[in-house]
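Just below is one structure, and these are the notes that go with it.
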Amino acid sequence: MHIKLGFMKNCVKGMDKIGHGFEYMRNKFPNVSDAKIKEGIFIGPQIRELMQDKQFDEDRNETEINAWLHLRGFARTT
């Protein structure tokens, strides 16, 4: 689980902070502070929720999508 948290943190830190994907996370988790979202600090249930969310897959640029798909593939194998 700690490896997944690290990958999630790096994935979010690499996202465009003014892009659609980042804004989607702000709206999806309104109780999480912007500082925590910018740093990629999420708990397990939030990560699982994002991994199952089809809309989140569509709201990012190509580089972010590729990184996210890599993370999801890794998470399923561990």
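Of all residues in segment 42-65, one or more are assigned to a loop (DSSP other than H, G, I, E, B), modelled with pLDDT of 80 or more and surrounded by 15 or more Cβ atoms within 10 Å (Cβ to Cβ).
If only residues of segment 20-40 that are out of contact with any helix residue (DSSP H, G or I) (no Cβ under 7 Å at 6 or more places or on another chain) and assigned to a loop (DSSP other than H, G, I, E, B) are counted, the one that is surrounded by the most Cβ atoms within 10 Å (Cβ to Cβ) is Val32. Would you be able to say whether some residue in segment 20-30 is farther than 13 Å from Leu71 by Cα and in contact (Cβ under 8 Å) with a residue 40 or more places away in the chain? Yes: one or more hits.
The values are calculated or read from the model by the stated rules, or taken from the named source; none is laboratory data. Note that the structure is a prediction, hence the values are computed from the model and not measured. Don't worry about glycine lacking a Cβ; one is built from the backbone with ideal geometry, like all the others, and counts go over all protein chains shown.
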